[in-house]
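Here, each number is a calculation from the coordinates, and none is a lab measurement. This structure is a prediction, so every number in the text was calculated from the model and none was measured. So basically every Cβ, Gly included, is an ideal-geometry build from the backbone, and we count neighbours across all protein chains shown.
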Amino acid sequence: MFRWGVLSTAKIGREQLLPAIASAENGVLSGIASRDKARARALADRFGAQFAFGSYEELLASPDIDGVYIPLPTSQHVEWTAKAIEAGKHVLVEKPLALKAEEIEPLIALRDRRAASGQKVQVCEAFMVIYHPQWIKVRELVASGAIGRLRHVQGAFTYYNVDPQNMRNKPELGGGALPDIGVYPTVSTRFVTGKEPSRVQATVERGAFGTDSYSSIRADFGDFELSFYLSTEMAARQTMVFHGDKGFIEVASPFNAGLYDHHRIELHSQNHAETQVFRFPGTEQYRLEVETFARAAHGGGDRVFTLEESVLNQKVIDAIFRAGGKDGWETV
């Protein structure tokens, strides 16, 4: 059993990853760390973890922890990922891993140095969507030619959050729509197609908190394009559509299936004469993520989201930010 440690008592951990770890077939929640040990103990008791630590350093030094999940504020992800690697722990770090692609390169070097010394560690950015069978099915359908030649991908991801205390509205903590949710249309399109964009155009607006609160993006993938919009100050919506010359695929709730809509994708024929519906009820994408990560950490051949893929995805986000300040195209 893979022995998990969690750095902090953050909401996404409490609501998503800790329940996933607790229900996983190949892992156990061993310890939780917080700068407030009483909070760590309370959460550890809630999820049946044996250990509670009063500092992140104590957890990383523990021989009872195989790997860590890091749901700290974005601005602290690179720092604590590096410390966890140095401590010899496997790392699943919440997205976005970094705020610049160049910040990820030292982590790759650190990971590789440990591997060269015979102490290999698995380090992954936590993109749960790539483990969901609905996205695996979309990839299979596009690859099989079910929609013919892919010409356009269209997406949207919005929610309404104007809480000044929320980390997503604090620039110093790495807040904003692009770091928080802009990564999803890009990573899912790249996952489905296996291709990278060469250039982007973008409109990026900043709200009252100083974070990017609305963006409209166009990305050129060569033989198709991706267009999507994001907002932290609009009514909640998610959608992704893959449109070809012979049909199109709609993903009902692409990133938070079960919350925004059902676990469902629809394949529409060219003339709407036929629609196939694929359903994946009850899928727990966070559980699939932690189980796959644990298998990979123990030497399995499962596909995980590598640091090299994180660099590629972050380069797109970096280019969007640059494009938001100019007219015309920006090279990725």
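Computed values, structure above
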| quantity | calculated |
| --- | --- |
| Loop trypsin sites (Lys or Arg not before Pro), segment 93-128 (other Cβ atoms within 10 Å of the site Cβ: 15 or fewer; DSSP) | LYS100, LYS120 |
| Inter-label distance for ALA273 and ASP223, nm, one decimal - labels placed 7 Å from Cα along Cα-to-Cβ | 2.6 |
| Exceeding the 27 Å Cα-Cα cut-off - candidates LYS195/LYS246; LYS83/LYS137; LYS83/LYS326; LYS100/LYS137 | LYS83/LYS137; LYS83/LYS326; LYS100/LYS137 |
| Zone residues, segment 269-298, relative to SER144, backbone N less than 17 Å from point 7 Å out along Cα-to-Cβ | 269-270, 274-280 |
| DSSP-defined antiparallel bridges as percent of all bridges, the chain, nearest 5 | 60 |
| Positive minus negative residues near GLY244 (Lys, Arg vs Asp, Glu; Cβ under 12 Å) | +1 |
| Sum of side-chain charges, VAL28 neighbourhood, beta-carbon under 13 Å (Lys, Arg +1; Asp, Glu -1) | -3 |
| Rounded tilt (10° steps) of 183-193 against the dominant C-alpha axis of the chain | 70 |
| 5 angstrom amide H check on LYS246, placed H, neighbours 5+ away | GLY148, ARG149 |
| Amide hydrogen neighbours beyond the local backbone of ALA236, cut-off 5 Å, H modeled | TYR160 |
| Signed unit charges on C-beta, dipole axis of segment 77-218, positive-most listed residue LEU110, VAL153, HIS77 | VAL153 |
| Fewest-first sequence of LEU312, LEU7 by Cβ atoms within 10 Å of each Cβ | LEU312, LEU7 |
| Length added when fully stretched, ARG206-GLU58, from 0.36 nm per residue minus Cα-Cα | 49.4 nm |
| Helix 307-323 axis, angle to the chain major axis (alpha carbon atoms, nearest 10°) | 60 |
| Packing-based exposure ordering (other Cβ within 10 Å, fewest first) of TRP135, TRP80, TRP4, TRP329 | TRP329, TRP80, TRP135, TRP4 |
| Whole-Hz couplings from phi, Karplus 6.51/-1.76/1.60, listed for segment 275-292; x for Gly and Pro | 10, 9, 10, 10, 10, 9, x, x, 5, 10, 5, 5, 5, 4, 5, 5, 5, 5 |
| Value of [θ]222 nm, deg cm²/dmol, for the chain, DSSP H segments ≥ 4, -39500 (n - 2.57) each, nearest 500 | -9000 deg cm²/dmol |
| Inter-part distance where segment 220-279 and segment 170-215 are each reduced to a Cα centre, Å | 18 |
| In degrees, nearest ten, helix 133-144 long axis to first principal axis of the chain (Cα) | 40 |
| Pairwise centroid distance, computed over Cα atoms, of segment 34-68 with segment 284-319, Å | 24 |
